[in-house]
Amino acid sequence: MKNKAGTHFGRKVELDGYVFDSQKEADFYQSFIENSGYQFEVHPRFVLEEATMMTAITYAPDFVVYDRNGHILHVYDVKSSLDGRFGVDTAAKLRFNLFQRKFKKAVQVVVPRKNDFKMRIYCLRKHVNTRRERINKKGKKVVEFYDVMQNIDYVPPKVF
């Protein structure tokens with residue numbers, strides 16, 4: 001791995017012929033993309049809105065993973081945090097929304113950690129809470145959790 005000139009948020013990293021925007025992005029590639037068994041692209045460019053009087057609106061996610069038939073399975077954007085200064089800004093949220101509307105796939109923002117990753121899914125077509133409280137038929141309070149890993153059909157090939 002070679003470090004390249006710095007970017008706005010980190011140093012570029014070259015690995016396997018790809019240039020990643022950060023070490024976290026390269027780590028996510030090595031741990032979850034490279035040996036997943038699926039076809040993938042690194043930084044593919046999608047046109048979200050064609051150019052009319054202004055320039056086109058485009059989006060280049062960090063990784064797009066395809067199923068065996070060549071359909072988009074997952075769209076990943078690697079960030080340093082889920083919120084705030086190094087996370088998802090308003091322009092990114094707009095692009096995620098436009099991407100979902102055009103390609104019918106939600107963008108999965110991931111924050112790699114030592115042994116796993118945190119994830120937030122943007123622009124789902126239906127609202128999903130990760131924690132929900134309800135009262136069952138017997139009047140008892142029940143806490144349910146949305147299982148992100150099960151519901152997005154993703155099995156990480158290996159852990160950091």
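Filtering region 56-83 to residues that are surrounded by fewer than 21 Cβ atoms within 10 Å (Cβ to Cβ) and touching a Gly at 6+ places or on another chain (Cβ under 9 Å) leaves 80, 81. With the condition kept exactly as written, say whether any residue in region 139-156 is at pLDDT below 85, within 17 Å of the chain's Cα centre (by Cα) and more than 22 Å from residue 37 (Cα to Cα). Checked region 139-156: at least one residue is at pLDDT below 85, within 17 Å of the chain's Cα centre (by Cα) and more than 22 Å from residue 37 (Cα to Cα). Out of the residues in region 69-87 that are within 19 Å of residue 33 (Cβ to Cβ) and touching a Ser or Thr at 6+ places or on another chain (Cβ under 8 Å), which is modelled with the highest pLDDT? Going through the qualifying residues, I end up with 78. Residues that are surrounded by fewer than 18 Cβ atoms within 10 Å (Cβ to Cβ) and touching a Lys or Arg at 6+ places or on another chain (Cβ under 9 Å) within region 11-29 comprise 11, 12, 14, 15, 19, 23, listed in sequence order.
The values are calculated or read from the model by the stated rules, or taken from the named source; none is laboratory data. Keep in mind that this is a model prediction, so the values were computed, not measured. Quick reminder, even Gly has a Cβ in these numbers, built from the backbone with ideal geometry, and neighbours come from all protein chains shown.
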